[in-house]
1. Considering only the other residues whose Cβ falls under 10 Å of the Cβ of residue 40, what net charge follows from Lys and Arg at +1 and Asp and Glu at -1?
2. For the stretch 32-70, list residues with backbone N below 19 Å from a point placed 7 Å from the Cα of residue 101 toward its Cβ?
3. Grab the other residues whose beta carbon is less than 14 angstrom from that of residue 95, score K and R as +1, D and E as -1, and report the net.
4. How large are Rg and Dmax for the stretch 28-96 when only the alpha carbon atoms are used, in Å?
5. What are the residues whose amide H is under 5 Å from the amide H of residue 69, where those residues sit 5 or more places off or on another chain and H is modelled from the backbone?
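Where a number appears in this text, it was derived from the coordinates with a stated rule and is not lab data. All values derive from a computational prediction rather than experimental measurement. Using ideal geometry, Cβ is built from the backbone for each residue, glycine included, and neighbour counts are taken over all protein chains shown.
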Amino acid sequence: MQSLKTILTLTVLAVVAAPIAQAAPRGVNNPDRVGLTGWVPTPPTNIRAQPNGKIQCVVRREGRIKLYGSTGIEDHNGEWFYTDYCGKMGMIHSTQFVIPD
């Protein structure tokens, strides 16, 4: 009986001490479109370090681009998204890509 009580006590302690599982945040400001692949239909387009900032590299061919979610920065034309197209994190404007269905 003592060993059963010990087992139950340890089980309760393990459950109480275990971290509560939470959904991982989905990108900056938890955008709905994280992890999608965008399509650049009309190159060239610039990948920038910040909105309207220094150009990191240029997408010179039509093709796919990996998106990591919205930066939360919008202007009158659209919003900026994170991408690692240049080999490091940069930004692309939403007018420069489409998300295929």
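1. Computed value for this residue: +2.
2. Counting backbone N atoms under 19 Å from the label point, the list is 33, 36-41.
3. -2
4. Reported Rg and Dmax, both Å: 10.9, 30.
5. 35, 82
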